[in-house]
1. Give the residues of region 232-245 that are surrounded by fewer than 19 Cβ atoms within 10 Å (Cβ to Cβ) and at pLDDT 75 or above, sorted by residue number.
2. Please list, ordered by residue number, the helices (runs of 4 or more DSSP H) wholly in region 263-376 having 1 or more residues that are closer than 26 Å to PRO172 by Cα and small (Gly, Ala, Ser).
3. Consider region 379-402. How many of its residues are open to solvent by 50 Å² or more (accessible area, probe 1.4 Å) and of a type outside the set (Gly, Ala, Ser)?
4. Go through (1) more than 14 Å from VAL167 (Cα to Cα); (2) open to solvent by less than 60 Å² (accessible area, probe 1.4 Å) and name the single condition PHE92 misses.
5. So, SER63, is that one over 30 Å from ARG272 (Cβ atoms), under 39 Å from the mean Cα position of the chain (by Cα) and among the hydroxyl-bearing types (Ser, Thr, Tyr) or not?
6. Name the residues in region 349-365 that are of a type in the set (Val, Ile, Thr) and crowded, with 21+ Cβ neighbours inside 10 Å, would you?
7. Of the numbered conditions (1) at pLDDT below 95; (2) open to solvent by less than 10 Å² (accessible area, probe 1.4 Å), VAL252 satisfies every one except a single condition; which is it?
8. Being among the acidic types (Asp, Glu) and open to solvent by 10 Å² or more (accessible area, probe 1.4 Å) is the filter; apply it to region 103-149 and report the residue that is farthest from LEU55 (Cα to Cα).
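The values are calculated or read from the model by the stated rules, or taken from the named source; none is laboratory data. Just so it is clear, the model here is predicted, and its values are computed rather than measured. Cβ: placed from backbone, ideal geometry, glycine included. Neighbour counts: every protein chain shown. Each accessible area value is taken on the protein alone, full model and side chains, heavy atoms only, with ligands, DNA and RNA left out. Shrake-Rupley method; radii C 1.70, N 1.55, O 1.52, S 1.80 Å.
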Amino acid sequence: MQPGGGPGRLEVRLLPVGAAALVAAAAFIIGFATGFWLLFRVAYVVAIALPLLYLWTRSMGESLDVEVMRRTQRVNQGQPLTGRLELRSLTFWPKVWLEVEDPCSIPGHLTRRVLTLGPRELKAWHYSTPTRRRGVYELGPVTVTAIDPLGLFRLTRSFGRRDTVLVYPSAPELPNFYIPPANLPGEGRFRQRTHNVTPTVAGVREYAPGDSYNRIHWPATARTGELMVKQFELDPSSDIWIVLDLEQAVHVGEDDDSSEETAVSICASIARYFLGANRSVGLVSFGEALNVQEPDRGQNHYTRILESLAMARAVGDAPLSALLLEEARRFGRHTTVVVVTPSTDESWALALMTLAARGVPVAAVLLEAETFADDADGMGSSLDVYGTLAAGGVYTYTVKRRDDLVRALSAGGDAGVRARPEAGRP
């Protein structure tokens with residue numbers, strides 16, 4: 001709670017106030033010269049009204065308690081940003097025409113309302129603002145402005161502080177997402193059982209109370225006549241590297257339908273999938289600067305990746321092919337690289353095939369850029385890039401504008417082998 005708030009900023013409309021003072025002076029002088037009694041009264045009324053309006057404005061703007069409660073400062077895209085504001089008068093004098101503003105850079109946030117407070121009256125309201133766009137936004141401080149009936153004086157006071165709100169990108173949960181496994185030495189000999197769902201199934205066992213229904217292995221259940229559930233194990237040491245292309249020249253579209261927003265959402269979903277399976281995930285991108293999140297596991301690392309993706313902007317000038325070649329030292333035979341891009345330049349596909357020739361398992365999520373553009377004339381075709389990737393044996397998903405990401409990114413999950421070309425071809 002901020003009982004006093006800021007000292008206040010008083011604004012005076014100099015032209016109307018000066019005109020009123022000039023009228024009072026002129027009326028007094030002319031009345032004194034002519035003896036006309038009405039001019040004296042006009043001068044007295046104006047001379048008394050100006051200080052009274054000034055004092056009234058100050059009294060309305062002072063003796064206020066404002067409490068600002070921000071319930072959420074980290075939200076996922078689509079979730080509401082909620083909070084509560086309370087405004088209380090500390091005097092027995094009514095406060096008329098108070099403008100309360102809670103500034104926020106989030107689109108759709110209702111920032112202003114006008115209210116009147118009775119003697120020692122409390123008014124409170126909740127707000128719930130939908131977050132339609134990822135990013136970093138500012139919220140507050142709350143300002144209360146008192147205005148006299150003639151609008152000659154305005155007293156503005158600030159309460160609370162400026163808060164930062166981070167909106168994480170949307171990350172749809174993927175039921176299946178297949179990419180080529182890493183070539184680990186000794187893979188299959190050193191195994192560790194886990195209660196988490198991972199891409200690796202070790203076997204089946206009888207159902208026990210408390211087991212999740214989504215772990216039931218229905219073919220084994222039908223064969224044995226008893227409920228059987230899958231047992232999972234950890235991949236010994238393989239890392240997943242997600243490479244996000246943020247070159248400004250290759251991204252098209254606007255707002256939520258842009259290739260930039262779709263690519264960021266895809267990266268968040270892939271990170272969520274593998275971190276949920278207790279795999280190590282890293283992220284590489286080049287927007288305003290090179291951003292590298294080293295592979296790690298756990299919820300805290302997932303939060304760091306979401307924070308990085310929330311602030312990612314397609315403003316880079318480095319081609320994806322150059323980024324892959326520059327960061328190639330990070331990728332080895334025991335890692336898997338997943339590239340997310342709308343680029344129709346085949347040079348990045350050749351760079352990815354170069355990594356594959358070194359024994360690095362690679363995969364790509366290719367956004368069909370022509371479907372994100374209102375005018376696709378003069379744009380390259382993603383079909384040519386897809387053909388290059390298919391010829392090089394690179395496992396590739398394709399995503400069109402407004403595709404359901406859950407369906408588009410689960411195309412090869414159950415098969416565990418490279419998807420048929422016709423299944424993912426643009």
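1. None - no residue of region 232-245 is surrounded by fewer than 19 Cβ atoms within 10 Å (Cβ to Cβ) and at pLDDT 75 or above, so the list stays empty.
2. Those helices (runs of 4 or more DSSP H) span 299-310, 369-372.
3. 6
4. Checking PHE92 against (1) more than 14 Å from VAL167 (Cα to Cα); (2) open to solvent by less than 60 Å² (accessible area, probe 1.4 Å), the one that fails is (2).
5. The answer is yes for SER63.
6. VAL360, VAL362, VAL365
7. Checking VAL252 against (1) at pLDDT below 95; (2) open to solvent by less than 10 Å² (accessible area, probe 1.4 Å), the one that fails is (2).
8. Per the stated criteria, the residue is GLU138.
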